[in-house]
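The numbers here are math on the coordinates, done by the rules we state, and not lab data. Please read these numbers as outputs of a predicted model, since none were measured by experiment. Because the Cβ atoms are built from the backbone with ideal geometry, glycine has one as well, and the counts that use them run over all protein chains shown.
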Amino acid sequence: MRPAILDPLFSPISGLPGVGPKIADLLVKLLGRETLEDCRVIDLLFHAPFSLIDRRNQPGIARAPQGAIVTITARVDRHQVPPGGKSNIPYRVFLHDETGELTLVFFRGQAAWLEKQLPVDAEVTVSGKIDWFNGRASMVHPDYIVRADEAESLPLVEPIYPLTAGLSPKTLRKIIDAGLPRFPELPEWDDLALTQREGLPSIRDSFHMLHEPHDPSDIDPQAPARRRLAYDEFLAGQLSLSLVRQRLRKVAGQPVTATGAISSKILKTLPFSLTSSQNEAIAEVLKDMAGNERMLRLLQGDVGSGKTLVALMAMAAVIESGGQAVLMAPTEILARQHHATISKFAASAGLGIEVLTGRTKGREREEILERDRLGCRPDRHRHACAVPGQRRLRQSDACRRRRAAPFRRASATAADGQGPLAAHACHDGDADPAHAGARRLRRYGRLQAHRKTGRPQADPDDHRADGTDRRNRRPAAKRDH
């Protein structure tokens, strides 16, 4: 149950001032949500700026450098209206200060509005980009025009946000400014000694510093506010993963006893000796698999460090204890690479290795499924299988019919994400919990990717092995795993 103090953060953005139906649709697109109901105030506050405009430079007209963003306080001299109402001639307003003269240029300017904003003989403050031509300074469409006595309202350090077509920076800034006060004062949940040692502000102050920077260093990735938000996001991720692991471990597992009959033969065929780290990782994995609780591990290492070998030893232990093992890969190419690598070592141990992909059709597919189904019988050879795509294991006909399921005794599932390799020990007779756990972890990963980049991460299930997108048939975007 969510504490009531957090309700303002999870209220719809449609309740913020200035958010009408049109702006709401743009915010749904900007925040990567499907419906307006999914867009909350907290999502808007996590939409971080990527840069800023510094308007603190106030050098005077004559000393303003070419192409610089400056803020000028000057007196309005006169207006020059285009002759005959010609729209191809700009509307000009001339100002001066003690150092020189400045021309404000407006294309298709509305005379009535400009005369109201810039009355003759009034002292105003304008901010924008300076251009010099023939010794004359000009500013085309100033970003801000305010009366000199209201200059304090001008944002001298202005954050720049990722936008979407139709949504102006000023509109988005006003909406975020309206959402910031809704962040309540929350009790500190981080270790006090840690926050003091690292100089981390409170979570509420961090959001204010993020959206109200006072210096370019405030948006630096190493700024205290960003470090606090990053730390809390990693902490939330670890807590979420711990809860997932806790739920998965509640389901009783099937102890796997490694006899070494198969793994020893595989090790003899290796052209190298295992390193101490590889032996340690294998020992820890086998120790977990021998327990009564289901194993859920993430094995991380550099390319070529032996992650696949550790997974192969875990799969060999499962086969030694009378079960089956499945190695899932995100692409068909990687699945076939694993098949080619593992087959060389598994042949000496008499293992049957199959590769099952979305391209495997007809008779060939039925024969593979039949061989894997027979592999479940005690009098048959045990099989391991390499499957591309995290979804294949559940949706293929390998699991549609329980009676003919070739992975019915899949006691271990390893998922290679082209980086960390996750090993999961299933309970007897069902390989699907591993898939469910993987989907939960992937959902959380997409959420965090959205929080960091402002864009939702594509679901791996929406892409084919050949790189095309099932939804729009376009080339699939590359993803980091």
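Full extension of the segment from GLU198 to PHE234, taken as 0.36 nm per residue of separation minus the current Cα-Cα distance, would add 11.4 nm.
Placing unit charges on the Cβ atoms of the charged side chains and taking the dipole of region 179-271 about its Cα centre, the candidate lying farthest along the positive direction among LEU248, THR195, LEU267 is LEU267. Each Lys and Arg contributes +1 and each Asp and Glu -1, all at the Cβ; summed about the Cα centre of region 262-361, the dipole is approximately 340 debye. Amide hydrogen proximity for ILE53: with H placed 1.01 Å from N in the peptide plane, the residues at 5 or more positions away or on another chain lying under 5 Å are GLU158, ILE160. Backbone amide hydrogens, once placed in the peptide plane, bring TYR144 within less than 5 Å of SER127, excluding anything fewer than 5 places away on its chain. Bridgeable lysines around LYS116 (alpha carbons under 26 Å apart, same-chain partners fewer than 8 residues away excluded): LYS86, LYS129, LYS170, LYS174. Counting 0.36 nm for each residue step from ASP191 to GLU101 and taking away their Cα separation leaves a gain of 26.7 nm. The GluC sites (Glu not before Pro) of region 88-134 that DSSP puts in a loop, and whose beta carbon has at most 15 other beta carbons within 10 Å, are GLU98.
Shown here for region 186-284: chymotrypsin sites (Phe, Trp or Tyr not before Pro) in loop regions (DSSP other than H, G, I, E, B) with at most 14 other Cβ atoms within 10 Å, namely TRP189, PHE272. Put a dot 7 Å past the Cα of GLU34, heading toward its Cβ, do the same for ARG247, and the two dots end up 1.8 nm apart. Projecting label points 7 angstrom from Cα along Cα→Cβ for ARG363 and MET1 puts them 6.5 nm apart. Under 5 Å from the amide H of VAL355 lie the amide H atoms of ALA386, each residue being 5 or more positions distant or on a separate chain, with H modelled from the backbone and absent for Pro and chain starts.
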